[in-house]
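For reference, the structure is listed below as structure tokens.
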Ligand code: SF4
């Protein structure tokens, strides 16, 4: 059979495979074997990507693999899967990488140009803190100070976060701090959906590598990315949530607190819940 001509579809599949390999999920590409059948790790991801026909879409979160759903093809034209059903295999979102480490994830990220945010950045802001921390704070993205220093939460909002951490009886080095996107959005705008989709798998890997007891989402973008929802943070703020088996709590971003200092008391209540969960002493104000 003649080789299929190069096509945009073929190029898209190649780029997508290379992207997964960058994430440490691979290698996948094995000659001209059917791309839909040759690997139980990539099969669900490809099926979800809409690049190959599939009977069932696996449960892959929208921001990981946002797709334009293809109409279902007749069963007779579908490639025969190697695994019994794509929906029974691991989704990309669920794929935990054995022996993954922050160092390896940083190496895989490299001098990343995977999304348009790379054009305006000075430094990638990967994350900072203890790789074995029981507590991870996840923010939205770097601002100007973070972009200049390559460290998360070092500007005004960062100083407030540091104060919050110290009020919990901890130091910054005791926790891990990172963001949904690793490069500064221009003008400190919110990251756009395609940027979140492209960058967030590295955050998922960071969390799986650290395996914290508690994740605190600072602001809506972090919470919406991890919980795969468009709902407002006010629906869930201060409640215990489940993120793939990790306890997660969403609270306001320190930048919001700088604009709305009255909300600090709400955040402090949230952090006290986290302290209780971590077995940290919750100091109660002395009665006058
Ligand atoms: S935001 Fe993330 S995906 Fe985009 S260029 Fe930066 S590191 Fe790469």
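At a glance:
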item: Range of Cα positions in segment 100-215 per principal axis (Å), largest first; result: 39, 32, 22
item: Segment 157-217: C-alpha pair distances exceeding 18 Å, %; result: 47
item: Theoretical gain in end-to-end length, residue 228 to residue 166 [0.36 nm per residue, Cα-Cα removed]; result: 19.3 nm
item: Beta bridge orientation in segment 183-288: antiparallel %, DSSP, nearest 5; result: 45
item: Bins of 10 Å from zero: percent of alpha-carbon pairs in segment 156-273; result: 12, 45, 38, 4
item: Convex hull of segment 200-240 built on C-alpha atoms - directionally averaged projected area, nm²; result: 3.0
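Where a number appears in this text, it was derived from the coordinates with a stated rule and is not lab data. Here the structure is a predicted model, which means the values were calculated and not measured.
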